Amino acid sequence: MQELYNLSKNLRQLREGYGYTQTAVAQKIGIRYQSYHAYEAGITVPTLENFIKLAKLYDVPLDELIAP
């Protein structure tokens with residue numbers, strides 16, 4: 001459960017650090033806004049494919065997305 005909290009927190013920090021909106025990130029990785037919003041809200045987790053896309057978008061290793 002902690003990993004889900006870390007993921008949502010880290011996604012928000014990375015997104016804000018890049019100056020992106022949730023809509024922009026969703027478009028960049030090819031998903032709907034509602035799906036991305038659910039990642040940041042801690043409701044759902046990305047598929048492995050979307051984890052990889054997010055890591056590439058932010059140029060971070062996969063494990064950094066769930067790091068405390």
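The values are calculated or read from the model by the stated rules, or taken from the named source; none is laboratory data. Remember, predicted model here, so these are calculated numbers, not experimental data. Because the Cβ atoms are built from the backbone with ideal geometry, glycine has one as well, and the counts that use them run over all protein chains shown.
Quick notes
- Test set (1) touching a Lys or Arg at 6+ places or on another chain (Cβ under 8 Å); (2) modelled with pLDDT under 95 - Glu40 fails condition number: (2)
- Selection within region 7-46 - crowded, with 16+ Cβ neighbours inside 10 Å, under 13 Å from Pro68 (Cα atoms) and of a type outside the set (A, V, I, L, M, F, W, C): Ser8, Asn10
- Of the helices (runs of 4 or more DSSP H) lying entirely inside the chain, those containing at least 3 residues that are of a type in the set (A, V, I, L, M) and in contact (Cβ under 8 Å) with a residue 24 or more places away in the chain span 2-18.
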